[in-house]
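Q: I have a structure I would like to understand better, so I am pasting it below and will then ask my questions one at a time.
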Amino acid sequence: MVFIITFFILHWYSSAFIQSFFQHRYMAHKMFTMSKFWEKFFYLLTVLFQGSSFLHPKSYAILHHEHHTHSDTEHDPHSPHVFKDIFSLMWNTKRIYTEIQQGSFKNETAFAKRLMAWPTVDNIAHGFGLRFLFAISYVAFYIKFAPNYWWFLLLPIHFLMGPIHGAFINWCGHKYGYKNFDNGDQSKNTFFWDLFFMGECFQNNHHRYPCRANFAVKWYEFDILYPIIISLSKLRIIRLVHGT
């Protein structure tokens, strides 16, 4: 049981970290810069940490850019105020994400042309073969260490870890919680749940300051990922953009 719980926690937080740090704060918002070496290093970590639920970083960034541009309007890819339930929200997000990933999305802008792509890795990580190998490895681990079959109910979360994180943030982050700022949308902060999402639950703060690396604003708020960002900056792995 200890091995299963440890594995689940490690997978949950490693996936949350890479989605927030690399796909969101770096790819979508360029809150910091990094060398080509480190860029590819974190790209490969995205494949490893998200595994069977790998999200193409460039497509993720374009999708997120659309969300900020059209926050909580009918053109927002994933607003809980447009879609009646979380499943229809996830389905629409997947539809637009697929259009972007396949190159058929009509709203691609100059923003998209500046984003990094790694076609060789993208094709492998996005393919059925590698996704299947990751999924089988999760199942094999559970067969080896799960004390009974009830623990196998956690496997769907492993299979869809990246989209599950995104669905929770996009739904709850614009539906429940409190506001520090009037941003003209329905973005909220949900401080308690942020313990599980590496700063991503401070949606109201983030929509107010979309390029600020620290998502916490008030004295009682704490962005779990920000100290890691500061540490990576001091190690010169990344360089924070001035003012963030």
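Q: Rounded if a/c is under 1.5, else prolate if a/b beats b/c, else oblate: with a ≥ b ≥ c from the C-alpha gyration tensor eigenvalues square-rooted, which is region 72-166?
A: oblate
Q: Based on the alpha-carbon gyration tensor of the chain, what equivalent-ellipsoid semi-axes (square roots of 5 times the eigenvalues) come out, in whole Å, largest first?
A: 27, 21, 21
Q: Charges on Cβ only, +1 for Lys and Arg, -1 for Asp and Glu, centred on the Cα centroid of region 2-240; of 238, 20, 156, which one is farthest towards the dipole's positive end?
A: 238
Q: Reachable lysines from residue 179, Cα under 21 Å, same-chain residues fewer than 8 places away excluded?
A: Residue 179 reaches 188, 218.
Q: Still on this structure, I have one more. So how far, in whole Å, is the C-alpha centre of region 15-35 from the one of region 137-205?
A: When both Cα centres are located, 17 Å separates them.
Q: Net charge near residue 87: determine it from the other residues with C-beta under 14 Å of the C-beta of residue 87, scoring Lys and Arg +1 and Asp and Glu -1.
A: Counting the neighbours of residue 87, the net charge comes to +2.
Q: Using a Gaussian network model of the chain whose springs link C-alpha atoms within less than 10 Å, name the residue from 199, 177, 103 with the highest mean-square fluctuation.
A: With Cα springs under 10 Å in the chain, the top fluctuation among 199, 177, 103 is at 103.
Q: For region 2-240, with only Lys/Arg (+1) and Asp/Glu (-1) charged at the beta-carbon, what is the dipole magnitude about the Cα centre, in debye rounded to 20?
A: 620 debye
Q: What shape does region 1-104 take by its C-alpha gyration tensor, where a ≥ b ≥ c are the square roots of the eigenvalues and a/c under 1.5 counts as rounded, a/b above b/c as prolate, and the rest as oblate?
A: oblate
Q: Could you tell me which of rounded, prolate or oblate describes region 204-244, using a ≥ b ≥ c as the square roots of the eigenvalues of the alpha-carbon gyration tensor, with rounded for a/c under 1.5 and, failing that, prolate when a/b is larger than b/c and oblate otherwise?
A: It is oblate, given that a/c is not under 1.5 and a/b is not larger than b/c.
Laboratory data are not the source of any read-out in this text; all were calculated from the coordinates shown. Computed from a predicted model, the values in this text were never measured in an experiment. Methodologically, a virtual Cβ is constructed for each residue, glycine included, from the backbone with ideal geometry; neighbour enumeration extends over all protein chains shown.
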